[in-house]
């Protein structure tokens, strides 16, 4: 499962989500510009973001859980949050989606809300532990 | 300036010429002060010497007392009072002797004057035996305040505390609406702890105008893949050092849009919807969605096509921007 807690540092709200679907991703935000001189010498200009990483998770949530996530985003879209992912890693991140899209993808009888909602979360931040 | 010797004490050391000495002498300095005098300088040079017939140590003593006062009258300020006194004592003897210089300077400055005492003591012990060279200086300076200026100092320290919790009931927390909202003394908003009360099952109903509606169009529920988008105005910057800074004022607008596609619209509904789009062009309408949630907003794409993929079967998709009532 994946746990979102906010706001930092005074954590008040905890939202527990199921584990994300496959294709979750972690990427650095570094940029490299390669320039080549007239004599063929290659120069690289690097813009580093230290240890900041971008995390991408896609969830298939019940309609009720999607409403909970929506309420969490409404409350803390401008706050730094703590994210504990399915690997047990603790991250200190911002939610950087814009917009946040909740797409009702299929019917799910018997599940809370009777629907499955697909949501993608994009976060940028640092690994705490 | 003139000097006047008031008293002299002489001592006879023995018979013959040069066997007497002046042991103590009191001298007064006579001053004449004029109103135009700016500075007063007294220079007094006292030289005393004695010759000793035998291995007899004698003490030399000079007593000089200066008292200079510069009286400030109205309109006369910043007068300087300077006392300069130089003692040079020399005791020639093979036997260690004690050379003592004692000086007391007392200066009083009024009205932001600089009160400064400067003493340079140089003692030299010349002798066959090692002597002790010791300088002792004692300074006493007194600054008397004539006014007290109070400065207020304020320390604002705010302590906040917050707490949250989490239940391990996985079946609950992964499916149901169950945010764990603890407590906080901060003014941050928190999500509601209960699911929206109006969430239910209904149909899609469009009404115009929003207040006191006169036109109503009832459509089927939208197909799956309908989207509910939240867009926030945020300042998202990365500093030169690579730090990500995200800021948003809570009063900045939050835009929520619904994208729906509705199929199987009858011919009558199609005509009603086309008329509705024209009538409500750019105006706020009411939208009661399939979960019985009432929205207020506008249709962003009134030029949407009402397509007819089959006979008597129409399809439309539109985007609605609004907020929950």
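Residue-wise test of (1) more than 28 Å from residue A:98 (Cβ to Cβ); (2) modelled with pLDDT of 90 or more; (3) assigned to a loop (DSSP other than H, G, I, E, B).
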site: B:202; (1), (2), (3): yes, no, yes
site: B:211; (1), (2), (3): yes, yes, yes
site: B:217; (1), (2), (3): yes, yes, no
site: B:223; (1), (2), (3): no, yes, yes
site: B:228; (1), (2), (3): no, yes, no
site: B:255; (1), (2), (3): no, yes, no
site: B:258; (1), (2), (3): no, yes, no
site: B:276; (1), (2), (3): yes, yes, no
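For the stretch A:76-108, give me each residue that is within 9 Å of chain B (Cβ to nearest Cβ), surrounded by fewer than 22 Cβ atoms within 10 Å (Cβ to Cβ) and not in a strand (DSSP E or B).
A:78, A:79, A:80, A:96, A:97, A:98, A:99
Take the stretch A:109-119 and flag every residue that is surrounded by fewer than 17 Cβ atoms within 10 Å (Cβ to Cβ) and more than 8 Å from chain B (Cβ to nearest Cβ). Spell out the reasoning first.
As a first pass, look at the stretch A:109-119 and keep what is surrounded by fewer than 17 Cβ atoms within 10 Å (Cβ to Cβ): A:109-111, A:114.
A:109, A:110, A:114, listed by residue number.
Can you find, within the stretch A:26-49, the residue that is nearest to the other protein chains (Cβ to nearest Cβ) among those that are free of Cβ contacts under 8 Å to residues at least 24 places away in the same chain and in a loop (DSSP other than H, G, I, E, B)? Spell out how you get there, then give the answer.
Filtering the stretch A:26-49 down to residues free of Cβ contacts under 8 Å to residues at least 24 places away in the same chain leaves A:30-49.
Among the residues that remain, those that are also in a loop (DSSP other than H, G, I, E, B) are: A:30, A:37-41, A:48-49.
Details: A:30: 9, A:37: 26, A:38: 30, A:39: 31, A:40: 31, A:41: 27, A:48: 6, A:49: 4 Å.
Among residues in the stretch A:26-49 that are free of Cβ contacts under 8 Å to residues at least 24 places away in the same chain and in a loop (DSSP other than H, G, I, E, B), the one nearest to the other protein chains (Cβ to nearest Cβ) is A:49.
Could you check, for the stretch B:237-251, whether at least one of its residues is touching a residue at least 40 places away in the same chain (Cβ under 8 Å), farther than 27 Å from residue A:95 by Cα and assigned by TED's automatic domain parsing to the domain that holds residue B:311? Full working, then the answer.
Step one: list which residues in the stretch B:237-251 are touching a residue at least 40 places away in the same chain (Cβ under 8 Å), which gives B:250.
The next check asks that each one be farther than 27 Å from residue A:95 by Cα; those that pass are none.
For the stretch B:237-251, residues touching a residue at least 40 places away in the same chain (Cβ under 8 Å), farther than 27 Å from residue A:95 by Cα and assigned by TED's automatic domain parsing to the domain that holds residue B:311: absent.
Checking residue B:272 against (1) surrounded by 12 or more Cβ atoms within 10 Å (Cβ to Cβ); (2) out of contact with any strand residue (DSSP E or B) (no Cβ under 6 Å at 6 or more places or on another chain), only one condition comes out false. Which one?
(2)
Identify all residues within the stretch A:58-73 that are more than 15 Å from the chain's Cα centre (by Cα) and within 7 Å of chain B (Cβ to nearest Cβ); write none if there are none.
Across the stretch A:58-73, the qualifying residues are A:62, A:64, A:65, A:67, A:68, A:71.
The values are calculated or read from the model by the stated rules, or taken from the named source; none is laboratory data. Computed from a predicted model, the values in this text were never measured in an experiment. Note that each Cβ is placed from the backbone with ideal geometry, even for glycine, and that neighbours are counted across all protein chains shown.
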